[in-house]
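Trainee: This is the structure I want to talk about, given as structure tokens.
The values are calculated or read from the model by the stated rules, or taken from the named source; none is laboratory data. Treat the numbers as computed from the prediction; the structure is a model and nothing was measured. Every residue, glycine as well, gets a Cβ built from its backbone with ideal geometry; the counts of neighbours run over all protein chains shown.
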Amino acid sequence: MNTRLIPLALSVSLLALTGCSRSGDAPEESAAAAVPADTAPAAAAEAKPDVSAYFATFLAENYKVDMARFPMSASYRGLKTNPGKWNPASEAFREETRAINDSRLTQLMEIDRASLPAPQQLSWDLYQSDLQRTIASDEYRHHKYVIHQFRGPHTMVPSSLISIQSVKSAEEAGDYISRIEDTSTYFDQVIEQMQIRTEKGMFLPAWSYPQMITASRNVITGAPYDDGADSTIWADFQSKVKALGLAADAESALLDKGRKALTEQLKPAYERLIAAMEAQGAKASMDDGVWKFPNGEAFYAERLQWFTTTDLSADEVHDIGLREMDRIHNEMRSIMEQVEFEGSLQEFFEFMRTDEQFYYPNTDEGREAYLAEATRLIDVMRERLPEQFGLLPKADMVVKRVEPFRERSAGKAFYQAPPPDGSRPGIYYANLYNMADMPTYQMEALAYHEGLPGHHMQRAISVELDGIPEFQKYASFTAYTEGWGLYTEQLPKEMGFYEDPYADFGRLAMELWRAARLVVDTGIHHKRWTREQAIEYLVANTPNPRGDCTKAIERYIAMPGQATAYLIGKLKIIELREKAREALGDGFDIRAFHDEVLKDGPVPLSMLEAKIDRYIASAAES
């Protein structure tokens, strides 16, 4: 593939305008990037039209190429680009992606940032940051697990077909069938990636493989594979096709093709993947942290940098976690006094874990009651949002239970964003497999985090923004995204929510959970803690049930560094808010602050700080 994605004539025009050309090796820090947007020369306030137009075209054409190369990502965003294919996973495709990113960075550095208007300067900075960190991360391509028990192709295939694959016509039903068939090629590429990691000795711990194998077998259990009840995908496909109202022969033909694709393509693909997992699992050790890998320490440092968007070391992250644990424990003791509990903090934790008043029954009725209450909490919050925000999401959101086929291995709760056209709502998924892991005292904080004013507020607004490049709407900076989610657990407290002290304890319990993550994640991957050692730390220092603690530690093992982003991001947002409040005094407007955080989409924490500094300066002048 030709990696120079902008027309040659436009590139020549650019070079004539900028009067500069750079070598293919990007410098560690661009001189242009070192100039904040608000300090650019006055003459740069209005960009030369050709440079500005070139930059917009550069981003738009690159995005178009990406959507063609990553068709499943396009489907998530509501685009019909190769809708019968999955994102490729082959080594050749990854090499091609690396070459494209190298070329894009070279081209970007040829664009005179200083001649762009401030909004495009921010886009330039974001694109540079994203390219540079993606290229740097590619050095550890095979250190990253291609499949693990929480996220991977084995559960992504059914969940995407069910939740994302639209079937509004016979043609779209054909796309569904094509994607089922493409699973064969896709899984063979995943197996190729697993083999590369096998050759390099980079395995998940041995205990994780049975979980992945069980989840995979669940997908190919039931009709049309055996005489059982309809399997998850088959039930979904039939439902979507029958809803089209086609003539009987046309409907029957589609169902026959779908059944054939499932039995002749998808089932053998899963069987090959299961065999590959069994073979790799037989060679895996019980060591948990990435310290066991060659260059494991450097890889973990890269993961911390990737997820927190800071240069904090593992030891610094660990120490922040310990300090925050102490602070939150003290706040919890105040709750104990409010409810007149006599005993130690650990005894209070045990009370919160075991008292039946804090749990719905582990029945279908209990699960329905949980979903109804979570929906009610979000509906109440929706009415109060204008007090805190000027920007509000247009897309609807719903609360759903995690599907049975993946609930045993999935996380406690997560969010799926809507596409820009609003054709799907945002979805807050609650994992109700074991109601003992979903205490009622955490319901408020969880609903605010995943729903409103948390991830739905943030991510729906991001994809609905006008006037910014498409890539910017979908940029991924975990400390920003999850930091916002954790921040929006605290914000309702300041709005007068959490009236029940037990619910307020739940808020603190979830913040404590994020602080503990800093301790155990660095403990596992840097200090060489075992899985059991980390589980016992959570059981001793949080009120969460042992099952919850076990699943969490298994997640942190599979996703090194990711869990540290939440509290690091939240602390930065609070720091910046208080900085603005102190600087502006009576002129501080919480709605304006929140809108400034949200109005440009996801950004690294350093860019968020620069944005807030500009907001403070502008507000102080007005």
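Table: residues versus (1) touching a strand residue (DSSP E or B) at 6+ places or on another chain (Cβ under 7 Å); (2) part of a helix (DSSP H, G or I); (3) among the basic types (Lys, Arg); (4) in the same structural domain as Pro420 (by TED's automatic domain parsing).
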site	(1), (2), (3), (4)
Leu161	no, yes, no, no
Ser166	no, no, no, no
Ile191	no, yes, no, no
Glu199	no, yes, no, no
Arg217	no, yes, yes, no
Val241	no, yes, no, no
Leu246	no, no, no, no
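Trainee: Checking Cys549 against (1) in the same structural domain as Gln346 (by TED's automatic domain parsing); (2) buried (at least 23 other Cβ atoms within 10 Å of the Cβ); (3) modelled with pLDDT of 95 or more, which single condition isn't satisfied?
Mentor: Single failed check for Cys549: (3).
Trainee: For the range 427-441, does any single residue satisfy the condition of being among the aromatic types (Phe, Trp, Tyr) and on the phi > 0 side of the Ramachandran plot?
Mentor: no
Trainee: Take Val157 and tell me if it is of a type in the set (A, V, I, L, M), part of a helix (DSSP H, G or I) and buried (at least 19 other Cβ atoms within 10 Å of the Cβ).
Mentor: In short, yes.
Trainee: Give me the pairs, please: first residue somewhere in the range 449-461 and part of a loop (DSSP other than H, G, I, E, B), second residue anywhere and small (Gly, Ala, Ser), beta-carbon distance under 7 Å, and either six or more positions apart or on two chains.
Mentor: Once the first residue is part of a loop (DSSP other than H, G, I, E, B) and sits in the range 449-461, its partners that are small (Gly, Ala, Ser) give Gly454/Gly485.
Trainee: Now a separate question. Has the range 555-565 got any residue that is within 23 Å of the chain's Cα centre (by Cα) and basic (Lys, Arg)?
Mentor: yes
Trainee: Continuing with this model, one more query. From the list Ala276, Ala269, Ala284, Ala253, exactly one residue is farther than 16 Å from His526 by Cα, of a type outside the set (S, T, N, Q) and free of Cβ contacts under 8 Å to residues at least 12 places away in the same chain. Which is it?
Mentor: The conditions single out Ala253.
Trainee: Follow-up question, since we're still on this one. Could you say which residue among Ala261, Ala269, Ala275 is among the aliphatic types (A, V, I, L, M), surrounded by fewer than 15 Cβ atoms within 10 Å (Cβ to Cβ), part of a helix (DSSP H, G or I) and out of contact with any His (no Cβ under 8 Å at 6 or more places or on another chain)?
Mentor: Of Ala261, Ala269, Ala275, the one residue that is among the aliphatic types (A, V, I, L, M), surrounded by fewer than 15 Cβ atoms within 10 Å (Cβ to Cβ), part of a helix (DSSP H, G or I) and out of contact with any His (no Cβ under 8 Å at 6 or more places or on another chain) is Ala275.
Trainee: Please determine whether any residue of the range 468-482 is more than 15 Å from Ala417 (Cβ to Cβ) and of a type in the set (Ser, Thr, Tyr).
Mentor: no
Trainee: Does Ala620 fit the bill of being surrounded by 18 or more Cβ atoms within 10 Å (Cβ to Cβ), aliphatic (A, V, I, L, M) and in a helix (DSSP H, G or I)?
Mentor: Taking the combined requirement at face value, the residue does not satisfy it.
Trainee: For Ala235, which of the numbered conditions (1) more than 26 Å from the chain's Cα centre (by Cα); (2) within 21 Å of Ala206 (Cβ to Cβ); (3) in a helix (DSSP H, G or I) fails to hold?
Mentor: The one condition Ala235 does not meet is (2).
Trainee: For the range 356-373, what are the residues that are surrounded by 11 or more Cβ atoms within 10 Å (Cβ to Cβ) and either touching a helix residue (DSSP H, G or I) at 6+ places or on another chain (Cβ under 9 Å) or part of a loop (DSSP other than H, G, I, E, B) (or both)?
Mentor: If the condition is that a residue be surrounded by 11 or more Cβ atoms within 10 Å (Cβ to Cβ) and either touching a helix residue (DSSP H, G or I) at 6+ places or on another chain (Cβ under 9 Å) or part of a loop (DSSP other than H, G, I, E, B) (or both), then Phe358, Tyr359, Tyr360, Pro361, Asn362, Gly366, Arg367, Tyr370, Glu373 are the ones that fit.
Trainee: Answer with yes or no whether Ile574 is surrounded by fewer than 22 Cβ atoms within 10 Å (Cβ to Cβ), touching a residue at least 24 places away in the same chain (Cβ under 8 Å) and under 24 Å from the mean Cα position of the chain (by Cα).
Mentor: yes
Each row is one residue, and each column tells you yes or no for (1) assigned by TED's automatic domain parsing to the domain that holds Asp548; (2) over 18 Å from the mean Cα position of the chain (by Cα); (3) under 26 Å from Ser216 (Cβ atoms).
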position	(1), (2), (3)
Glu403	yes, yes, yes
Ala410	yes, no, yes
Tyr415	yes, no, yes
Pro419	yes, no, no
Ser423	yes, yes, no
Ile427	yes, no, yes
Gly451	yes, no, no
Glu489	yes, no, no
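Trainee: Between Leu312, Leu304, which is assigned to a helix (DSSP H, G or I), among the aliphatic types (A, V, I, L, M) and surrounded by 12 or more Cβ atoms within 10 Å (Cβ to Cβ)?
Mentor: Checking each option against the conditions leaves just Leu304.
Trainee: Which residues, taken from the range 462-486, are in a loop (DSSP other than H, G, I, E, B) and either over 21 Å from Asp66 (Cβ atoms) or not hydroxyl-bearing (Ser, Thr, Tyr) (or both)?
Mentor: Leu465, Asp466, Gly467, Ile468, Pro469, Ala475, Phe477
Trainee: Taking Asp311 and the conditions (1) in contact with a helix residue (DSSP H, G or I) (Cβ under 6 Å, 6 or more places away or on another chain); (2) assigned by TED's automatic domain parsing to the domain that holds Lys527, which numbered condition does it fall short on, given that it satisfies the others?
Mentor: (1)
Trainee: When the residues of the range 71-103 are narrowed to those that are among the aromatic types (Phe, Trp, Tyr) and surrounded by 17 or more Cβ atoms within 10 Å (Cβ to Cβ), which ends up farthest from the chain's Cα centre (by Cα)?
Mentor: Looking at the filtered set, the residue picked out is Trp86.
Trainee: Can you tell me which residue in the range 466-481 is surrounded by the most Cβ atoms within 10 Å (Cβ to Cβ), limited to those that are modelled with pLDDT of 95 or more and within 17 Å of Asp595 (Cα to Cα)?
Mentor: Tyr480
Trainee: Just to be sure, is Lys493 modelled with pLDDT of 95 or more, assigned by TED's automatic domain parsing to the domain that holds Ala565, touching a His at 6+ places or on another chain (Cβ under 8 Å) and charged (D, E, K, R)?
Mentor: No: the conditions fail for Lys493.
Yes or no, residue by residue, for (1) touching a Pro at 6+ places or on another chain (Cβ under 8 Å); (2) within 25 Å of Ala261 (Cα to Cα); (3) modelled with pLDDT of 95 or more; (4) of a type outside the set (D, E, K, R):
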{"residue": "Ala60", "(1), (2), (3), (4)": "yes, no, yes, yes"}
{"residue": "Val65", "(1), (2), (3), (4)": "no, no, yes, yes"}
{"residue": "Pro83", "(1), (2), (3), (4)": "yes, yes, yes, yes"}
{"residue": "Ser103", "(1), (2), (3), (4)": "no, no, yes, yes"}
